[in-house]
Amino acid sequence: MLDFEKLINARLGSLKDAVDDWTETVRKLEKLEEQAAKGLLRRAGKADWAGENAGITLPFVKKTAKEFGDAAKEAQSIRNVLRDALGEFKAAKKALQDVVDAAHGKGLHISTDGTVGYLVHPERRSKDFSGPEPSEGDFEKARSDIKAALDRANGADEIAARALRALVGKDQHNFSGTDYDSLKQAGRAQDAQDARAAARLVAKGDDASPEEIARLNKYFKDNRGDQYFAERFALEVGVKGNLEYWADLGDPSEGSRLGVDHAKDLKELQKNWSLTLAAATHSDSAEMTRWKSEMVKAGDDVIQTRGTSAYGFQVMSNLMRDGTYETKFLRDFGDAVVVAERRMTGDGRISPGQAWGSGLAMAPKLNWDGKDPGSDPMAGFMEALGHNPKASLEFFDRSTKLDGEKLSNWDYFVDQGKDARDWPVDGDGKPWGFDNLGHALESATLGYAYDDESPSIPALKTEEQIEAREERTALAEKIVNAYSSADAIDKQPGIRESLANIAAGHIDSLNYSMANWGDSGGLADRDGLFNHDQRHLRDFGESGSVNFLRALASDKESYDTISVAQQAYGSSLMAAHGDHRNDALDAGLHSITMHGLLDQARSESIGEEFANEAKERNKELEKQGEWRKFAAGATVGLIVGVASQVIIPTTAAAAIAVPLAFETAGGAAETYMATQTIDWLDENEYKNDQEALEGIQKARQDGQRNAMTPLLNYAAEHNMSPNEVREIVSRARGTYNDGGQYTDTDDVRGW
């Protein structure tokens, strides 16, 4: 395994010498091959063989002559593998050196083990420091480039080592005759070998031992991300083979397969199998195009095992829970499975749970992640959409037609009207699948996979990108209006977290929607204040936005998520207006209104929950402000403008890309929030007055003081007079209370 230090210090001269030596060996062997063909073999063919010589000597001569050709091929293959490996090592080493050479100019330092840090750490800088200030984007690019270079070198090393072992280790008495014209071809040959070996394990069906399942898992892991391996595996096993194997594993008549000892291995196998097939679907070869079509057609087939059966849709959907499946395949699969369900249920005459046999005692276990048994194909399919934003966005804008009756996917899966799907329930009567639906809606509205660990807001540079943004916000508007009450959310248990993430990802449009009191937005230049045109914001409607936020903020986790997104966005909006004092202050005051709305909604919920328990209620009110605890120094700012402290959540549910109100030289300004810090903001720190910050940092415990932080920072940075600060505080108090009035329903019991 090559690490940073080994690669950047690698001396490749010996490998170059080996390539030259093998090139000379190839030349000599090719000459011997020619001599054998034209001399020895030709003379042997013309000789008059008789007796034992005809049966023994002549074949020996022919075999010997052939060995010269095989030796030449093998030598050439070795040379080709070494030559290409040398090229890969050179390119990877140069890439590392380029990162190191560019680091100082960006204010970065690359340590001997490849760790990327500051050239001069902020805590050790002098007051007159004027060196380069690296952004988080600079850190990420350096780390990414280093990883890419190491991956390239190690990939070449692994393929070359395996190819060389194969070339020289098969038969000590004969040359293999293997012919590799490049390292890439050797890699593909290895992929095909692994795919065939994995397919042989699959062919064992449910008779495979735990050790063989582990070996199959290893083939998947070792070849993760390798599309050629994935394609060869899918084709080797075939559509029927994939479905039958997975159904067999979950056959309840095979008790050993349902044992606890196997559950962890099968969960990992399911994930790796899913990732493999997902990669395979991105091939547009004729064979894979046919495979994808046949897999969709097989959805209606009954897959029979020893003790039970399942539809192809049920089986395949559970092999779609991980990985990014190709968009057209998801479109075709989605259309087919929805039509199949509508036909099986008689468009609502029986429930999908009945149609898919969710409650049957002998139903196979098709999903091993511990969340649901996998009988409802829509759950796995929604997970697949959750990893493909484009396919998901398309799906919720599409319809299916059955016997001339057209039904939109939105009305069937999301809306709670007469055409809404009756989702299957567990043994306690609780519906399954709404968390999966939420994941699909997240990817559709945010533009990245719901579980992306480092999400990035999609760019808005081309007409196509802008159109996709407008389609996402149009869907977000439908979601805002569909989930306008806590009851609507509670009817779909498991979806709340996704709705909070969607609110955080569209916090800019929610702010824009809430800045039109009395239809005053036009005269008040709302578009200019929020940079509507450049950010392509959408008006969700004031009442719809209020109701949506109220319904979400009543829950602590949702409140935490949306509050920190509001803090980040509101601070960045102030910063975006820089020294334009009136606009910056108006932006900050609007953000305070939003905080007032969220805080009041949460307070009402606490009051209702603990109406007769004042002590418990007070404890919850204290917890309400936990997300505001100062976990790390993080600010939003421009070269000119305002510094505004961003409070980091302690319990934010997930990584969420929070839209900011300005752009930087590195591209679209965006960040994601997690439980520790907001890295992007931290790396774009504005140099605030330290004494002012220290004074402000003492007051962070309750909602009102924290909501005021950006405004107070602005006042300190711009040396505003006490009278001006008092005026701002008075206005802020009013706007905070105004925000609370949006969600104050006078239904708080026990107050």
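The values are calculated or read from the model by the stated rules, or taken from the named source; none is laboratory data. All figures in this text were calculated on a predicted structure; none of them were measured in a lab. Here Cβ is always computed from backbone atoms with ideal geometry, including for glycine, and neighbour counts include all displayed protein chains. We work out accessible area using only protein heavy atoms, side chains counted, and drop any ligands, DNA or RNA first. Shrake-Rupley method; radii C 1.70, N 1.55, O 1.52, S 1.80 Å.
See the values below:
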| item | result |
| --- | --- |
| Residue among 499, 437, 446, 510 that is modelled with pLDDT of 95 or more, under 16 Å from the mean Cα position of the chain (by Cα) and either over 17 Å from residue 386 (Cα atoms) or of a type outside the set (S, T, N, Q) (or both) | 446 |
| Subset of the range 544-564 [surrounded by fewer than 22 Cβ atoms within 10 Å (Cβ to Cβ) and at pLDDT 90 or above] | 544, 546, 547 |
| Qualifying residue in the range 25-32 (condition: within 20 Å of residue 166 (Cβ to Cβ), modelled with pLDDT of 85 or more and either assigned to a helix (DSSP H, G or I) or open to solvent by less than 40 Å² (accessible area, probe 1.4 Å) (or both)) | yes |
| Any hit, the range 348-361, residues being over 30 Å from residue 253 (Cα atoms) and surrounded by fewer than 24 Cβ atoms within 10 Å (Cβ to Cβ) | yes |
| Scan of the range 517-533 for residues that are in a helix (DSSP H, G or I) and surrounded by 12 or more Cβ atoms within 10 Å (Cβ to Cβ), ordered by number | 517, 526, 527, 529, 530, 532 |
| Of all residues in the range 274-289 being among the small types (Gly, Ala, Ser) and in a helix (DSSP H, G or I), the one that is farthest from residue 318 (Cα to Cα) | 286 |
| Residue in the range 409-419 that is of a type outside the set (Val, Ile, Thr), at positive phi, surrounded by fewer than 21 Cβ atoms within 10 Å (Cβ to Cβ) and free of Cβ contacts under 8 Å to residues at least 40 places away in the same chain present | no |
| Residue match in the range 77-92 (condition: hydroxyl-bearing (Ser, Thr, Tyr) and either open to solvent by 20 Å² or more (accessible area, probe 1.4 Å) or under 21 Å from residue 225 (Cβ atoms) (or both)) | no |
| Criterion violated by residue 298 - all others in (1) surrounded by fewer than 22 Cβ atoms within 10 Å (Cβ to Cβ); (2) outside any helix (DSSP H, G or I); (3) under 29 Å from the mean Cα position of the chain (by Cα) satisfied | (2) |
| Any hit, the range 114-135, residues being of a type outside the set (Asp, Glu), in contact with a helix residue (DSSP H, G or I) (Cβ under 6 Å, 6 or more places away or on another chain) and on the phi > 0 side of the Ramachandran plot | yes |
| Selection within the range 334-346 - open to solvent by 10 Å² or more (accessible area, probe 1.4 Å) and in contact (Cβ under 8 Å) with a residue 60 or more places away in the chain | 335, 339 |
| Pairs where the first residue, in the range 193-217, is not charged (D, E, K, R) and the second is not in a helix (DSSP H, G or I), C-beta under 9 Å, 6+ apart | 195/223; 198/223; 201/208; 202/208; 216/208 |
| Scan of the range 534-562 for residues that are part of a helix (DSSP H, G or I) and of a type in the set (A, V, I, L, M, F, W, C), ordered by number | 546, 548, 549, 551, 552, 553, 562 |
| Contacts under 7 angstrom Cβ, first residue in the range 421-442 being surrounded by 15 or more Cβ atoms within 10 Å (Cβ to Cβ), partner hydroxyl-bearing (Ser, Thr, Tyr) and not in a loop (DSSP other than H, G, I, E, B), 6 or more apart | 421/412; 438/498; 439/498; 440/392; 441/498; 442/498 |
| Unmet requirement for residue 455, which otherwise passes all of (1) outside any helix (DSSP H, G or I); (2) within 30 Å of residue 353 (Cα to Cα); (3) not hydrophobic (A, V, I, L, M, F, W, C) | (2) |
